[in-house]
Amino acid sequence: MSFTLEPHDAATSATWIVCRTCGTQFPTSDRQVVTTCHICDDPRQFVPPSGQSFTTHKETEMVPGSGFKAVKLGGHFPGSLVALFDGRLLIADTIVTTPAGLGRWEVDGNGVARARPGGLNSFTFQWSIPNMIPLGPDELARMWGVLGGYEFRSTHGAFLGFDVEDEGVKGRVLESMQIQTRFMGWPDHPLMGMKV
């Protein structure tokens, strides 16, 4: 097991070690004593120490040669991860699909062509999901700086039935970030000028 350290919190210059298997974070002060992850080491998790590895990288290929990547997006908490495989972004609760993001907008119930109404978000970005505390625009812009470098055509969240399959879903993520930023009172934030 190797450790590559990077700043975790610019304000405190703290660094963390992240378990590549489950995402558990350990402060570097624990580096000398962390040899296995206590989450993965739990027999209920079925991850033997030989299957555990740690990283501080922004992107990790989970199985070498598979194309299955874990991407440290942050937001919901600093080490929050999304996974990407074959154009499918597994968002868990790092990005939360909204009810307005679901459904098909190409035609109405009578088969008449229509477009998705403007101003509807597809996703929300929360620091605290139960308390509905949104992430601020600087964090959203930082997240887009990471996520914008990847291609994906669908999102798959933490809840059954909240998958979004749409060739334009990447644009919908950015649009949702911009909607959230605008409604928080930041119409001139640099995020508003970002493009897919």
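Numerical summary
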item: Length gained when the stretch Ala115-Phe85 is fully extended (0.36 nm per residue, less Cα-Cα span); result: 7.9 nm
item: Point-to-point label distance, Thr98-Val146, nm (Cα→Cβ direction, 7 Å offset); result: 2.2
item: Three principal axis lengths of the range 99-196 [C-alpha, angstrom, descending]; result: 42, 28, 26
item: Extension reserve of the Phe159-Trp105 stretch, reckoned as 0.36 nm per residue once the Cα distance is removed; result: 17.3 nm
item: Anchor Lys69: lysines whose Cα lies under 18 Å away (excluding residues fewer than 8 positions away in-chain); result: Lys58, Lys170
item: Cα centroid of the range 143-170 to Cα centroid of the range 102-120, whole Å; result: 19
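Only the coordinates and a few stated rules stand behind these numbers; no lab work does. Predicted model, so just to flag it, every value in this text is computed and none were measured. A quick note on method: Cβ atoms are made from the backbone with ideal geometry, for glycine too, and the neighbour counts reach across all protein chains shown.
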